[in-house]
1. If the limit is 29 Å between Cα atoms, which of Lys134/Lys201; Lys31/Lys185; Lys87/Lys134; Lys48/Lys134 go over it?
2. Determine the calculated [θ] at 222 nm for the chain from helices alone, applying -39500 (n - 2.57) to every DSSP H run no shorter than 4 residues and normalising by the residue count; nearest 500 deg cm²/dmol.
3. Can you tell me the relative contact order of the chain? Whole percent, Cα pairs under 8 Å, sequence separation 6 or more.
4. Springs between alpha-carbon atoms under 10 Å, Gaussian network over the chain: tell me which of Pro82, Pro64, Pro182 tops the mean-square fluctuations.
5. Can you run the Rg to Rh ratio on region 63-129? Use alpha carbon positions and the Kirkwood inverse-distance Rh.
6. From the backbone phi of region 14-29, what are the Karplus-calculated ³J(HN,Hα) couplings (6.51 cos²θ - 1.76 cosθ + 1.60, θ = phi - 60°) in whole Hz, Gly and Pro given as x?
7. Explain nothing, just the number: dipole magnitude of region 89-201 about its Cα centre with +1 on each Lys and Arg Cβ and -1 on each Asp and Glu Cβ, in debye rounded to the nearest 20.
8. Bin all alpha-carbon pair distances of region 4-78 at 10 Å intervals from 0 and give each bin's fraction as a whole percent.
Amino acid sequence: MAHLVLYDFPRSSNARKVRMAMAEKGVACEKVTVDLAAGAQRKPDYLKLNPHGKVPTMVIDGTPIYESTAIIEYLEETHPNPPLMPKDPVARARVRAIEEVIDSNFMGALRLVRINTMVRPAAERSEKEIEEGKRQIAWHNEWLDRELQGHQFLGGDLFSVADIAAFCQIGFQRALGVEIDPKFKNLSAWWARVDARPCSKA
Ligand SMILES: N[C@@H](CCC(=O)N[C@@H](CS)C(=O)NCC(=O)O)C(=O)O
């Protein structure tokens, strides 16, 4: 059994993806907190593990691996049960596509709102960018609502990495004060369904 050390931060939605996948699969690891609020991700010792200065990083038997998606793929290969990827190649491709859109486009919209409400000094904040970020968030919520039509989960009937990615980033959306519009009935029901899983507390 490999020795796993997760470099983590409780409020990080990307680290949460890895924590949820581990909880779902019942995989234990050592954890080290990287205090993002204090800038610990930019310390030379951490940059040796992850030159991008981000969490999560998983050190596997001494080898650091970064990017939440790559870490979860490693977990899927080494701990295949319960599976977080469907078996059918087309269904797998669909799950990967949803995770990719969530982690790139949707995250971009969330970051636009975050930098203009929390990060930039007040004088440099842009209401226009906040509005654009919120427009893109609403668009992606509507897209996910459509993807869920007639399905329990984003990958169909199997709880998958697409659900984990969407749940963690919609959690980030809600932490920014942007709730799921109740008119998105499929998405609201899905949120409650995933929230009821023990792994959501990871
Ligand atoms: N694509 C990366 C994104 C990692 C990422 O952006 N992590 C954020 C926290 S959610 C971070 O470490 N930010 C610290 C910084 O940028 O200084 C992944 O999926 O692991």
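Please treat every number below as a calculation from the coordinates, not as lab data. What you are looking at is a predicted structure, and each value in this text was computed from that prediction instead of being measured. Here the Cβ is made from the backbone with ideal geometry for all residues, glycine too, and neighbour counts use every protein chain on show.
1. Long pairs (Cα-Cα over 29 Å): Lys31/Lys185; Lys87/Lys134; Lys48/Lys134.
2. After summing the helix terms and dividing by the residues of the chain, the value is -15000 deg cm²/dmol.
3. This gives 23 percent for the chain.
4. Pro182
5. So for region 63-129, dividing Rg by the Kirkwood Rh gives 1.18.
6. Using θ = phi - 60°, the values come out as 6, 5, 4, 3, 5, 4, 5, 5, 5, 5, 4, 8, x, 9, 9, 7 Hz.
7. Roughly 160 debye for region 89-201.
8. P(r) over region 4-78, rounded to whole percents: 21, 59, 19, 1.
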